[in-house]
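First up is the structure itself, then whatever we jot down about it.
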Amino acid sequence: MRIIAHIDMDAFFASVEERNKPRLNGLPIAVGSDPQDGKGRGVVSTANYAAREYGIHSALPISTAWFLSEEARKCGKPGVVFITPNMHEYEETSAKIMEIVRSYANVVEEASIDEAYFDLSKTGSFAKAQKIGEAIKKEIGKKEALTASIGIGPNKLVAKLASDFQKPDGLTVVLPKEVRAFMLKNKLRKIPGIGPKTADELLERGIGTIADLQALDRFELELAVGKQGLYLYEKARGMDEAPLIEEWIAKSISEQETLQHDTLVGETIIGLLRKLSGQVYARFTQSDFVTFKTVGITVRFEGFETKTRVKTLPVATNDRTQFEFETLKLLLPFLDARENPKRKAIRLIGIKIEKLE
Ligand SMILES: [Mg+2]
């Protein structure tokens, strides 16, 4: 029997800031780029729960967050405290949390800086797994003064949905016999791979909920949506065989920045690319990793259309020149007709390295 757990820190970046700066206690906090009195052009990375009550959430344009904060202030509520991210601090805290998780489970997949899957099959029962979940939450609270939400289920899909089910500070256990009913309590969009576009396409075929999906057999679903049918058939029923992927594969180091103005001026864009690759490389040299094998870039155009390109090198490297050369090679086609036939201006650039060892 598989017993898989998923831990997700609650409003991680904002909670770390709140913990480190007790004077912020109870105030709404948005960690993200500089709002510049409403003229800032980046986005919110994390909002704490007080800021979420103002309608502020991750990925919201920072200018909108600033506007919502001003609106709240006009109603006599406290204004939002805007904080630029301190990634170094978050990474250090993340490492301590992952260490706590690892002391309870030997197979751990670090899915992101504040999220991990871990395998509790060896405990032999969901009751014992629940006790471990409680112990991990308690230890994180005691040592790091932070809260986490944990979900436990028979696979990664159910565990992830369960960790999100009673946020913040939640612990949700879904037994195998409860999986089908549990799935019905989740929105269709919670199934990985169902973005706004797929959701619209499904709705056109009369499928708007997980219950609608569960009502169809796999042949009807394949007829309705094609080759994605089997995938949706399984996920709607909470079926998922995906294995846990151990740490080194999932790890990456990335940086991104919004340009001051949308532009297609090569000098400006390449200048930002150089700055970001310098920052990524500096974090890489400070990390415990010695090589990377994959280099990637993100380009966001005006209008928020976003493209990513990755290159996996034939051999792992730690060479800075090679790294910069590869990012430049990935970027250049976006400055001309090859990847940018309509010559759209660029809004944001991101760089990452992956497959760190
Ligand atoms: Mg989180």
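The values are calculated or read from the model by the stated rules, or taken from the named source; none is laboratory data. Predicted, not measured: the structure shown is a model, and the values here were computed from it. Here the Cβ is made from the backbone with ideal geometry for all residues, glycine too, and neighbour counts use every protein chain on show.
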**Asked** Going by the conditions given, is residue 96 within 15 Å of the ligand (Cβ to nearest atom), outside the structural domain of residue 53 (by TED's automatic domain parsing), under 26 Å from residue 51 (Cβ atoms) and assigned to a helix (DSSP H, G or I)?
**Response** no
**Prompt:** Could you say which residue among 170, 229, 195 is closer than 21 Å to residue 3 by Cβ and either modelled with pLDDT of 90 or more or not acidic (Asp, Glu) (or both)?
**Reply:** 170
**Prompt:** Out of all the residues in segment 147-171, which are in a loop (DSSP other than H, G, I, E, B) and within 17 Å of the chain's Cα centre (by Cα)?
**Reply:** 167, 168
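Filter segment 182-200 down to the residues that are loosely packed, with under 15 Cβ neighbours inside 10 Å and of a type in the set (D, E, K, R) and list them by number. Full working, then the answer.
If we filter segment 182-200 for residues that are loosely packed, with under 15 Cβ neighbours inside 10 Å, which is where we start, we get 184-185, 187, 189, 192-193, 195-197, 200.
Hits for segment 182-200 are 185, 187, 189, 197, 200.
Given the residues 121, 112, which is the only one that is within 16 Å of the ligand (Cβ to nearest atom) and surrounded by fewer than 18 Cβ atoms within 10 Å (Cβ to Cβ)? Show your work before the answer.
Details: 121 fails: within 16 Å of the ligand (Cβ to nearest atom).
Sole residue among the options that is within 16 Å of the ligand (Cβ to nearest atom) and surrounded by fewer than 18 Cβ atoms within 10 Å (Cβ to Cβ): 112.
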**Prompt:** For residue 91, are the conditions met, namely being within 16 Å of the ligand (Cβ to nearest atom), among the acidic types (Asp, Glu), crowded, with 22+ Cβ neighbours inside 10 Å and within 26 Å of residue 162 (Cα to Cα)?
**Reply:** no
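Residues 78, 168: which one is touching a residue at least 40 places away in the same chain (Cβ under 8 Å) and not assigned by TED's automatic domain parsing to the domain that holds residue 53?
Of 78, 168, the one residue that is touching a residue at least 40 places away in the same chain (Cβ under 8 Å) and not assigned by TED's automatic domain parsing to the domain that holds residue 53 is 168.
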**Message:** As an exercise: evaluate residue 139 against (1) surrounded by fewer than 19 Cβ atoms within 10 Å (Cβ to Cβ); (2) within 16 Å of the ligand (Cβ to nearest atom); (3) of a type in the set (Asp, Glu) and give the number of the one condition it does not meet.
**Reply:** (2)
**Complete:** Checked segment 99-109 for anything in contact with a strand residue (DSSP E or B) (Cβ under 6 Å, 6 or more places away or on another chain), in a helix (DSSP H, G or I) and within 16 Å of the ligand (Cβ to nearest atom); matches are 101
**Message:** Which count do you get for residues in segment 1-49 that are surrounded by 24 or more Cβ atoms within 10 Å (Cβ to Cβ), among the polar types (S, T, N, Q) and without any contact (Cβ under 8 Å) to a residue 60 or more places away in the chain?
**Reply:** 2
**Fill in**
For segment 50-66, the count of residues that are exposed (fewer than 15 other Cβ atoms within 10 Å of the Cβ) and over 17 Å from the mean Cα position of the chain (by Cα) equals 2
**Asked** Restricting attention to segment 306-320, does a residue exist that is more than 24 Å from residue 111 (Cβ to Cβ), surrounded by 14 or more Cβ atoms within 10 Å (Cβ to Cβ) and in contact with a Leu (Cβ under 8 Å, 6 or more places away or on another chain)?
**Response** no
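Among the residues of segment 95-106, are any under 21 Å from the mean Cα position of the chain (by Cα) and more than 22 Å from residue 139 (Cβ to Cβ)? Let's see the steps before the verdict.
Step one: of segment 95-106, the residues under 21 Å from the mean Cα position of the chain (by Cα) are 95-102.
Checking which are more than 22 Å from residue 139 (Cβ to Cβ) leaves us with none.
No, the conditions are met nowhere in segment 95-106.
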